[in-house]
Each structure stands twice: as structure tokens, then as C-alpha cells.
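Worksheet: one structure, shown below.
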Amino acid sequence: MKNISDEGRILQSASCWQVDANKSVDQAWSELASRLSQKNQSTSQPKGISRHIGSYKMLITGSIAALLCVAIGLFLFSQSNITKTVATADNEKSNIILPDGSFVMLDENTNIEFKFNKLTGKRKVNFEGEAYFRVEKGEEFEILTSKGIVSVLGTSFDVKSNNNSLEVTCHSGKVSVSDPKHGISSQTLTKNHKLTYAKKLHIEQTDLNTAFILNTVPYSQVFKIIEEEFGQEVDYPQRLKKLTFSGTLPVDNLENSLKVVCNTLGLQYLTEDVVKVY
């Protein structure tokens, strides 16, 4: 396309511009010069360049948004994983409440590493030693030992594990035990059944513990143990949640358990469809 000279642009603009008869020559020339200046400014930046700048801005904005999403995702992922580690020494026992609300009574020389993902709800425990577990209902709960894997959803049981053997006793609900490394498929235990696995796997019906020794355990957990052991719902005053129990809790029968717990606080109880403590 040929370049248009300054004179040509003036003539082209002047040809379609009418001059007010009341204006002087100087005013007319000034107005024409102003219009030419505005036209030059409007055409000084090609449309292609403007479109490219807009595309670059959108690209930069999108990249920043993507980086923010990744950063937020990584932050949430790091915050969603909770780990709790506890170890007991010789002649030491410990009662702990895990981040998911599960209750564990650790015997001496026991190591537990609990991993909980709040996003998926999955729970894993690296375990060696001996302990009683009362697991809160929820997603998968796995206990990994050197001799096998114990899997539950919501139940109570004893686990005793070392390098040579694994012993699992089910108090309530169901427990699954397996050892994929040695070709042992999943074995399901129900209440009052014990699995022993050393060189061979053996399952038998057994008598459960007749008592638990508790030390500064919240009453809310004590009543949950009673509920799990006897399959009986317990209604108790909410103020007891702030108090703790220390002593021997018999679990041979419901009446004995309730007497011990209630006598320590001077409370009474009624055993109906729901046990009411007052």
C-alpha cells in the first residue's frame, strides 16, 4: 500500500469536513490540525500489537492462577497428614487418644506410629509391642506389624506383635488379619476369638480379659469401653467428659463395671434399654 503524504492526509480530511462560516481562518486551521492529531494517535498502535498484548496478559494471569492453585493444594495436603508417635519403656504403660478419636492402651516396650490423612480418612499404624485398641468408626484402619496386617473399620481388640509372632484377640466387631508377604490370606475374627500366628496360623475361641487397668483415662473413653464390651449404650452427664478415671475396670459383667465407675463419683445408674448414669 502506498504511503499517503501529509498533504494528501490534509486534503483527504478536508474533503469531508465542513467549515462553520462564522469561524475565522485561524480557528478553522486550528480545528483541522486538532482532528489530524487525534486521528494519528488512534492509528499509531496497530491492532495486531494490541491483540498480542491482551493475549500475553491473559497468559500471565492464567499462569499466576495455576501457581496459586498448586501452592494451595500443596499446603492443604501438608496440613491433612497427621502423625503421632508414642513409645513406652520397661515397666511403663500409657493410655492415649489418637487424632481420629481412637483409644489405645499401650503395654510396656511398645512402639506405635499413627498416620492419619484427614482428606481421605485413611488411618495407618506402624506397630510393635502389645496394646488394646478401641477404634473409632470411619475409613480403613490398618495396623502394620512385622508378622502381618490387622485391618478394622470400628471395633476393639488386643494386638501383641514382635519379630517372631503375632497375636490378635477380638473384643467386639470384626477384625481382619493377613500376611501377604508369606501368602497368608485375610482371616476374619469375631468377638471372643483369638488368632495366633508364628510359624503356623491358629484361630481359637477364647475368654477375654476380665479387667482393664486404666490410668487417667477420660470417662468418655471408659463408657465407650463398656459400650464396646457389652454392646449396651450408656447415657451419662456431659460434665463427666472433663473428668478422668484411674483404677481397675472389670469387664466380666456389666453390673460390676458400672458399680466401679459410678462409685468413684458417687453416681447411680439404671440398666434398661439404655444404661442411664445420673
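SER186 meets all of the listed conditions (1) within 26 Å of THR210 (Cβ to Cβ); (2) surrounded by fewer than 21 Cβ atoms within 10 Å (Cβ to Cβ) but one, namely (1).
Among the strands (runs of 3 or more DSSP E) confined to segment 194-262, the ones with at least 1 residues that are in contact (Cβ under 8 Å) with a residue 60 or more places away in the chain are located at 211-218. Restricted to segment 176-233, and to residues that are out of contact with any Gly (no Cβ under 9 Å at 6 or more places or on another chain) and of a type in the set (Phe, Trp, Tyr), which residue is nearest to THR248 (Cα to Cα)? Result: PHE212. On the stretch given as segment 96-129, residues that are more than 10 Å from the chain's Cα centre (by Cα), surrounded by fewer than 20 Cβ atoms within 10 Å (Cβ to Cβ) and either in contact (Cβ under 8 Å) with a residue 60 or more places away in the chain or farther than 14 Å from THR85 by Cα (or both) total 4. Check segment 228-242 and report whether any residue there is under 34 Å from the mean Cα position of the chain (by Cα) and under 25 Å from GLU108 (Cα atoms). Yes: one or more hits.
Restricting attention to segment 134-145, the residues being touching a Leu at 6+ places or on another chain (Cβ under 9 Å) and either modelled with pLDDT of 90 or more or among the charged types (D, E, K, R) (or both) number 7.
The values are calculated or read from the model by the stated rules, or taken from the named source; none is laboratory data. Keep in mind the model is a prediction, meaning the values are calculated, not measured. Backbone-built Cβ (ideal geometry, glycine too); neighbour counts: all protein chains shown.
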